[in-house]
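*Asks:* Here it is, the structure in full.
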Amino acid sequence: MATCWQGLWAYRFYLIVFFLPIFLLPLPILVPTKEAYCAYTIILMALFWCTEALPLAVTAFLPVIMFPMMGIMTASTKYQCRHPVSPVPACQVSLEYLKDTNILFIGGMMVALAVENWNLHKRIALRVLLIIGVRPALLILGFMLVTAFLSMWISNTATTAMMVPIAHAVLEQLHKMPTDRDVEEGRNNPAFELQEQKEETKLDEKDNKQDCPAPLTPSESKTQQNKEQLRFSQGLSLCVCYSASIGGIATLTGTTPNLVLQGQVNSIFPQNGNVVNFASWFGFAFPAMIILLLLSWVWLQILFLGFDFRKNFGLGDQSRDQERAAFEVIRREHKLLGPMNFAEKAVTLLFVLLVVLWFTREPGFFTGWGNLAFSDENGKSMTSDGTVAILIAVIMFIMPSKIPGLTQKPGNPGKLKAPPALLTWDIVKKKMPWNIVILLGGGFALAKGSEESGLSKWLGDKLTPLESVPPAAIAFIICLLIAIFTECTSNVATTTLFLPILASMSQAICIHPLYVMLPCTLASSLAFMLPVATPPNAIAFSFGGLRVTDMARAGFMLNVIGVLVITLAINSWSIPMFDLHNFPSWAQSNTTGLCGVSQANVTTSSP
């Protein structure tokens with residue numbers, strides 16, 4: 001019997017894929033409406049995403065199959081969306097899989113791949129660590145700052161995969177005994193003391209022996225040293241993976257949920273006037289990221305280094321040999337990179353140009369170059385952040401990686417060989433996460449299907465009793481719910497499922513959609529408690545020295561801190577940035593015709 005159950009458990013994903021659609025069939029059969037059909041698809045995809053019975057990208061393709069068969073959206077372009085003659089909405093579902101947000105993701109990833117390919121991110125990381133130093137608290141801060149900055153621009157997973165080995169190489173030097181003679185004499189020579197002062201094995205002749213505590217035996221001292229080293233190793237590993245997740249929230253392209261929000265807002269509210277762009281997102285999320293990062297540093301320092309801040313900052317009587325050895329490791333790694341070559345300088349220049357163009361295209365608080373040079377009849381920019389990203393990526397495919405010139409091809413003196421470009425298609429083909437592109441498209445298809453089927457309107461009607469709840473309480477509850485949910489499933493899937501529902505809720509209770517959608521997006525990045533919650537956690541966990549309880553204990557408090565920081569952000573500087581006091585005209589629908597007209601719609605709790 002036990003063997004039979006083990007066999008069934010081995011095939012659990014196949015059983016889920018087969019029986020789950022059948023188990024949920026009563027919903028569309030007993031309620032034969034488009035709302036029920038769309039709900040059936042969403043519930044099925046949500047369960048597949050949570051259990052990962054199918055790959056996430058494969059599950060994202062289900063709307064292409066189910067929406068046309070259920071009459072929600074067409075598979076090909078036969079009618080215009082909401083055609084005035086056709087009584088049945090007939091949007092093409094396939095168009096949702098390659099929207100401008102997907103183009104922005106592809107372009108941003110291409111630039112990030114070029115940065116990784118030429119080791120520019122490693123040079124930045126090592127340089128910052130050389131400046132900050134290797135004292136315990138400062139070393140943790142240095143790794144957190146570097147990791148957070150890099151994850152703002154390149155993949156969180158790639159950042160963690162690069163930084164964790166560097167951290168462990170530094171730890172290896174910090175934990176080495178400086179001389180064999182000390183070991184032979186039985187002296188306790190801690191490699192990197194964190195909480196305890198170095199125990200003296202010889203007492204000063206002027207001191208009274210009876211007034212001094214007995215020194216630790218070599219075995220006890222060694223055990224204490226090993227515990228301290230292990231705790232510091234755990235703290236340094238966790239600080240890398242946590243800061244990778246935190247840093248990604250600062251920029252629109254830093255992590256995929258941010259792009260999901262932009263795409264959902266543009267899809268559900270097409271007249272929003274590009275309210276979520278690179279500049280507006282950075283102005284909102286960057287301060288929140290800085291606050292969360294610093295509070296996380298304080299918490300990890302307390303948890304793994306203790307409350308002796310003087311000792312943590314290297315102000316006490318500590319051995320300097322191991323610190324110098326660890327600093328030498330970083331210096332040597334940096335020296336091995338050599339001087340910056342032409343390719344690194346070119347990538348740096350193009351990267352800086354990309355960021356400048358993103359910020360100045362259509363910032364909102366002044367007229368951008370997109371409004372001046374490429375505007376439509378209404379003065380709006382016809383270019384997008386995706387346009388800029390693809391432009392810089394194409395330049396990288398053209399620009400050579402060496403100073404322009406022709407050299408002879410090795411082994412064939414009669415032929416000339418041009419230097420390779422800064423970015424090649426082979427690199428993109430191997431490293432581009434195409435599954436995320438499909439996952440984004442599946443989320444946009446779900447949002448559009450909810451709108452076209454009427455499910456969004458139905459949900460909005462059911463959520464109208466929330467009008468009596470203070471908006472600040474709603475935002476706080478949403479943060480908690482998403483922070484818990486994202487520990488068990490992909491952060492992209494979490495935002496994909498919840499954002500359309502929150503958009504409908506905001507219309508039903510007449511609050512600004514961004515007041516609930518922004519906290520949801522930020523909270524989806526608070527995956528700190530489990531190794532399986534996000535790839536950076538898994539990478540840090542795979543290097544050893546960590547238990548699930550260690551990550552859960554540290555991550556629980558970080559989740560609480562993150563929810564409080566997001567609540568602060570959404571109720572302070574984000575209000576004037578996005579005008580959250582008032583229900584926007586672009587969010588009006590046939591169900592919210594009176595919002596902003598017959599009542600004051602303030603999204604902050606009344607005093």
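The values are calculated or read from the model by the stated rules, or taken from the named source; none is laboratory data. Note that the structure is predicted; figures quoted are calculated from it, not measured. Reconstructed Cβ throughout: ideal geometry from the backbone, glycine too, with neighbour counts over all protein chains shown. Surface accessibility is based on the protein's heavy atoms, side chains included, excluding ligands, DNA and RNA. Shrake-Rupley method; radii C 1.70, N 1.55, O 1.52, S 1.80 Å.
Results for (1) under 18 Å from residue 504 (Cβ atoms); (2) open to solvent by less than 40 Å² (accessible area, probe 1.4 Å); (3) in contact with a Lys or Arg (Cβ under 8 Å, 6 or more places away or on another chain), shown as yes or no for each residue.
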site: 28; (1), (2), (3): no, yes, no
site: 35; (1), (2), (3): yes, no, no
site: 44; (1), (2), (3): no, yes, no
site: 48; (1), (2), (3): no, yes, no
site: 55; (1), (2), (3): no, no, no
site: 60; (1), (2), (3): no, yes, no
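*Asks:* Which of the helices (runs of 4 or more DSSP H) contained wholly in the range 314-406 include at least 1 residues that are β-branched (Val, Ile, Thr), at pLDDT 80 or above and closer than 30 Å to residue 437 by Cβ? Spell out the reasoning first.
*Replies:* Numbers: elements: 321-336, 342-360, 369-373, 385-398.
In the range 314-406, 342-360, 385-398 are the helices (runs of 4 or more DSSP H) which contain 1 or more residues that are β-branched (Val, Ile, Thr), at pLDDT 80 or above and closer than 30 Å to residue 437 by Cβ.
*Asks:* So, one more: What pairs come out if I take residues in the range 110-127 that are within 15 Å of residue 164 (Cβ to Cβ) and pair them with residues that are open to solvent by 60 Å² or more (accessible area, probe 1.4 Å) whose C-beta lies under 7 Å away, six or more apart or interchain?
*Replies:* Close Cβ pairs (under 7 Å, with a partner that is open to solvent by 60 Å² or more (accessible area, probe 1.4 Å)) amount to 126/333.
*Asks:* Related question: Filter the range 448-499 down to residues that are in a loop (DSSP other than H, G, I, E, B), of a type in the set (Gly, Ala, Ser) and within 27 Å of residue 531 (Cβ to Cβ), then give me how many there are.
*Replies:* Applying the first criterion (in a loop (DSSP other than H, G, I, E, B)) to the range 448-499 yields 454, 463, 469-470, 486-490.
Checking the rest, the ones that are also of a type in the set (Gly, Ala, Ser) come to 454, 490.
Okay, now just the ones that are also within 27 Å of residue 531 (Cβ to Cβ), so 490.
Count: 1.
Yes/no matrix, rows are residues, columns are (1) of a type in the set (D, E, K, R); (2) surrounded by fewer than 22 Cβ atoms within 10 Å (Cβ to Cβ):
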residue	(1), (2)
438	no, yes
448	yes, no
456	no, no
461	yes, yes
465	no, yes
473	no, yes
480	no, yes
483	no, no
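*Asks:* Name the pairs whose Cβ atoms lie under 6 Å apart, with the first residue in the range 336-363 and under 30 Å from residue 379 (Cβ atoms) and of a type in the set (S, T, N, Q), the second open to solvent by 20 Å² or more (accessible area, probe 1.4 Å) and at pLDDT below 90, and 6 or more positions between them or separate chains?
*Replies:* Listed by first residue and then by second, the contacts come to 360/369.
*Asks:* Output the number of the condition that residue 11 fails; it satisfies all remaining conditions of (1) modelled with pLDDT under 75; (2) surrounded by 15 or more Cβ atoms within 10 Å (Cβ to Cβ).
*Replies:* Looking at each condition in turn, residue 11 falls short on (2).
*Asks:* Another question about this same structure. Among the residues of the range 533-550, is any open to solvent by 30 Å² or more (accessible area, probe 1.4 Å), of a type in the set (Ser, Thr, Tyr), on the phi < 0 side of the Ramachandran plot and not in a helix (DSSP H, G or I)?
*Replies:* Here is the first cut: in the range 533-550, the residues open to solvent by 30 Å² or more (accessible area, probe 1.4 Å) are 535, 538-539, 541-545, 547-549.
In the following step, the residues that additionally are of a type in the set (Ser, Thr, Tyr) were identified as 542, 549.
If we keep only those that are on the phi < 0 side of the Ramachandran plot as well, we get 542, 549.
From what's left, not in a helix (DSSP H, G or I): none.
So far as the range 533-550 goes, no, none of its residues is open to solvent by 30 Å² or more (accessible area, probe 1.4 Å), of a type in the set (Ser, Thr, Tyr), on the phi < 0 side of the Ramachandran plot and not in a helix (DSSP H, G or I).
*Asks:* Could you tell me which of the residues 132, 140 is of a type outside the set (Phe, Trp, Tyr), farther than 22 Å from residue 427 by Cβ, surrounded by fewer than 22 Cβ atoms within 10 Å (Cβ to Cβ) and in contact with a helix residue (DSSP H, G or I) (Cβ under 7 Å, 6 or more places away or on another chain)?
*Replies:* Numbers: 140 fails: surrounded by fewer than 22 Cβ atoms within 10 Å (Cβ to Cβ).
Exactly one of 132, 140 is of a type outside the set (Phe, Trp, Tyr), farther than 22 Å from residue 427 by Cβ, surrounded by fewer than 22 Cβ atoms within 10 Å (Cβ to Cβ) and in contact with a helix residue (DSSP H, G or I) (Cβ under 7 Å, 6 or more places away or on another chain), namely 132.
*Asks:* Here's a follow-up. Only one residue in 564, 580 is surrounded by 15 or more Cβ atoms within 10 Å (Cβ to Cβ), closer than 21 Å to residue 468 by Cα, among the aliphatic types (A, V, I, L, M) and at pLDDT 65 or above. Which one? Explain how you work it out, then say what you get.
*Replies:* Working: 564 fails: closer than 21 Å to residue 468 by Cα.
Answer to the check: 580.
*Asks:* How many residues are free of Cβ contacts under 8 Å to residues at least 24 places away in the same chain and out of contact with any Cys (no Cβ under 9 Å at 6 or more places or on another chain) if we restrict to the range 532-563?
*Replies:* Residues flagged as free of Cβ contacts under 8 Å to residues at least 24 places away in the same chain and out of contact with any Cys (no Cβ under 9 Å at 6 or more places or on another chain) within the range 532-563 amount to 7.
*Asks:* Go through the range 506-520 and give me each residue that's part of a helix (DSSP H, G or I) and open to solvent by 10 Å² or more (accessible area, probe 1.4 Å). Don't jump to the end; show me each part of the working.
*Replies:* Applying the first criterion (part of a helix (DSSP H, G or I)) to the range 506-520 yields 506-509, 513-520.
Result: 507, 508, 509.
*Asks:* Something else: So, residue 457, is that one of a type in the set (Lys, Arg), modelled with pLDDT under 90, over 25 Å from residue 50 (Cα atoms) and out of contact with any His (no Cβ under 6 Å at 6 or more places or on another chain) or not? Spell out the reasoning first.
*Replies:* Working: of a type in the set (Lys, Arg): yes; modelled with pLDDT under 90: yes; over 25 Å from residue 50 (Cα atoms): yes; out of contact with any His (no Cβ under 6 Å at 6 or more places or on another chain): yes.
Yes, satisfied.
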